[in-house]
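Only one structure is covered here, and it is reproduced in the block below.
We did not get these values from a lab; they are worked out from the coordinates using the rules stated. The structure displayed is predicted, hence computed values, not measured ones. For neighbour counting, all protein chains shown are included, and Cβ atoms are generated from backbone atoms with ideal geometry for every residue, glycine included.
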Amino acid sequence: MSKTPSPGSESEMPKKAVRRTKAQIAKARTRDSTQALAKLTTIEDGRYRIISDPPLIVPVEELAAHVDVGAVYWFLRRLFTGYARTLPAYRRRLAERFTVTRVARKVVGVGSVGTETWILLMEPDDGTGPLLLQAKQAQRSVLAGYAGQSEYRNQGERVVAGQQLMQAVSDIFLGWQSATPPGRRSADYYFRQLRDWKYSAEIEGMTAAMMTGYGRLCGWTLARAHARTGDRIAIAAYLGGSDKFDQAVADFAETYADQTERDHAALADAVASGRVQAQTDI
């Protein structure tokens, strides 16, 4: 009996595409906290510091005209101390060997625009290599208004719990905590390592067949994540044997793409007219 190829398997892809994909995955394995440390930090006078790359990454010292630097350090060290308590005991002991020595504000992606994100440079007590953590603000889920309030009062805990449920292997430093930023109200945050094997396929060079295989792989991965968290039998029964759900998702994707193009055109018009300032080639 022949074996049905898995979604996105090598048998569905040209050999050249397979080689390129394997090379990209190998590269992704190098995109970890150690690689981020080499790229985002430098050593001055024997001490590590975070490299300034405005507007994406700005050390807190360069924000001195807008914030109380000492208060920011106090807030983030307190936030880290509380976060460490949310880790399992054996990981907490590891995290507590590190001390926050430098911090920088980080600009995040489109889905998190408006939320606060910090990079924390952590140096160990034994003189070995430092660690880069990211503290990211977590807000109420947009689904809460439709599906009801989350069982988690801390939105950072909600995010962490969701990631741990869906991911086969989560970041060992994934945790959460609440704290009050200087001059603001209390906010929820979650922590993780900065760059923990993140990977994104280069879709620009894909053929139609490769894009189809990649789409199947993404769908398989998403389905696996949901099967880990929900009632897979109920999900299968809801989807049924017809293509109604498939068509609904396809219609949503096309509508979303059209809306994205309209939003981009509106933004471009606002920039051209001077109503919005934009920095390009970042």
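For the stretch 61-77, backbone phi angles converted through the Karplus equation (6.51, -1.76, 1.60; θ = phi - 60°) give residue-by-residue couplings of 4, 7, 9, 4, 6, 10, 9, 7, 4, x, 5, 5, 4, 4, 4, 6, 5 Hz, Gly and Pro being listed as x.
So if each residue of separation counts as 0.36 nm, and I subtract the Cα-Cα distance between residue 266 and residue 238, what length gain in nm does that give? Kindly include the intermediate steps, with their values, before the conclusion.
On the way: separation 28, 0.36 × 28 = 10.08 nm, distance 3.81 nm.
Answer, rounded to one decimal: 6.3 nm.
Each peptide among 247-256, 160-169 gets the average number of other Cβ atoms lying within 10 Å of its residues, and from highest to lowest they stand as 160-169, 247-256.
Give, as a single signed number, the net charge of other residues whose beta carbon lies under 13 Å from the beta carbon of residue 153, with Lys and Arg counted +1 and Asp and Glu -1.
Numbers: positive: 140, 158; negative: 151, 157, 188.
Summing Lys and Arg as +1 and Asp and Glu as -1 gives -1.
Each peptide in 236-244, 262-270 receives the mean, over its residues, of other Cβ atoms within 10 Å, and ordering these scores from highest gives 262-270, 236-244. A simple spin-label model places the labels of residue 69 and residue 231 5.7 nm from each other, with each point 7 Å out along Cα-to-Cβ. For the stretch 203-273, a crude dipole built from +1 on the beta carbon of Lys and Arg and -1 on the beta carbon of Asp and Glu, taken about the Cα centre, is about 520 debye to the nearest 20.
Counting other Cβ atoms within 10 Å of each Cβ, which GluC sites (Glu not before Pro) in the stretch 63-157 have at most 10 and sit in a DSSP loop?
Details: sites: 96, 116, 151, 157; in loops: 96, 116, 151.
For GluC sites (Glu not before Pro) across the stretch 63-157 that sit outside H, G, I, E and B with at most 10 neighbouring Cβ atoms in 10 Å, the list reads 151.
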